[in-house]
Amino acid sequence: MTDTLTTQITGFLQDVVKAMGITLTTTIDEGPEGTRINLEGEEGGILVRRGGEGLQALQHLVATAFRRQLGDDNRIVIDCNGFRKDKDAELRQMAQFMAGRVRLNGGTQEMGPLNPYERRIVHLAIAEEAGVASESVGDAFLKTVIISRRS
């Protein structure tokens, strides 16, 4: 992702949180999975209440406002005080646990309902596990991930 686009998105985020009446600082992490913009500060709790609904709404706003510039190749994740990073680690750990259960007991395990971002985290975690596979099932925004033995 270009520095100009990252700067535009960061400015947009600062404007939105300022309009909400809160003050947060931003840091940017570039990683193999895309760009992560971290919002940090004591007032960040407002965004992570109720399971991070505010943070999800902010993520959606950024995705909508910058859809054309981001295209399909650029991934951007908005985080606040490490909330999403912790949830990602929790999802990966749960996927690994479920994969272990499938390998041990056979059958299938279900995780969900999950949004597209969460499903991606689970599918990537399962792809690293030997002997198991995952697939998304459902026809809505929120889908269930089925983990089964690889055939």
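The values are calculated or read from the model by the stated rules, or taken from the named source; none is laboratory data. Quick caveat, the model's predicted, so the values are computed rather than measured. Glycine gets a Cβ as well: all are built from the backbone with ideal geometry, and neighbour counts include every protein chain shown.
Count, please, the residues in region 114-151 that happen to be assigned to a strand (DSSP E or B) and polar (S, T, N, Q).
Filtering region 114-151 for residues assigned to a strand (DSSP E or B) gives 114, 132-137, 143-149.
The next check asks that each one be polar (S, T, N, Q); those that pass are 134, 136, 144, 148.
Qualifying residue count for the region: 4.
Looking at the structure I just gave you, is S151 at pLDDT below 95 and of a type in the set (S, T, N, Q)? Against the criterion (at pLDDT below 95 and of a type in the set (S, T, N, Q)), S151 qualifies.
Residue count for region 2-56, restricted to those that are touching a strand residue (DSSP E or B) at 6+ places or on another chain (Cβ under 7 Å) and on the phi > 0 side of the Ramachandran plot: 2.
Applying the set (1) in a loop (DSSP other than H, G, I, E, B); (2) buried (at least 17 other Cβ atoms within 10 Å of the Cβ) to M98 leaves exactly one unmet item: (1). One residue stands out in region 102-123 among those that are of a type in the set (V, I, T) and touching a Lys or Arg at 6+ places or on another chain (Cβ under 7 Å): the one that is nearest to F141 (Cα to Cα), namely I121.
If you go through region 33-46 one residue at a time, do you hit one that is under 16 Å from the mean Cα position of the chain (by Cα), within 17 Å of E118 (Cα to Cα) and loosely packed, with under 14 Cβ neighbours inside 10 Å? Spell out how you get there, then give the answer.
Our first condition is that a residue be under 16 Å from the mean Cα position of the chain (by Cα); within region 33-46, this holds for 33-39.
Next, only the ones that are within 17 Å of E118 (Cα to Cα) stay: 33-36.
Applying the additional criterion that residues be loosely packed, with under 14 Cβ neighbours inside 10 Å yields 33.
Within region 33-46, one or more residues are under 16 Å from the mean Cα position of the chain (by Cα), within 17 Å of E118 (Cα to Cα) and loosely packed, with under 14 Cβ neighbours inside 10 Å.
Residues in region 5-26 that are of a type outside the set (G, A, S), at pLDDT 90 or above and either surrounded by fewer than 12 Cβ atoms within 10 Å (Cβ to Cβ) or not assigned by TED's automatic domain parsing to the domain that holds D72 (or both): D15, K18, T25.
Here is a yes/no grid of residues against (1) closer than 20 Å to I28 by Cβ; (2) surrounded by fewer than 18 Cβ atoms within 10 Å (Cβ to Cβ); (3) touching a helix residue (DSSP H, G or I) at 6+ places or on another chain (Cβ under 7 Å):
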| residue | (1), (2), (3) |
| --- | --- |
| A57 | no, yes, no |
| G71 | yes, yes, no |
| R75 | yes, yes, no |
| F83 | yes, no, yes |
| R103 | no, yes, no |
| Y117 | yes, yes, no |
| R120 | no, yes, no |
| S134 | no, no, yes |
| G138 | no, yes, no |
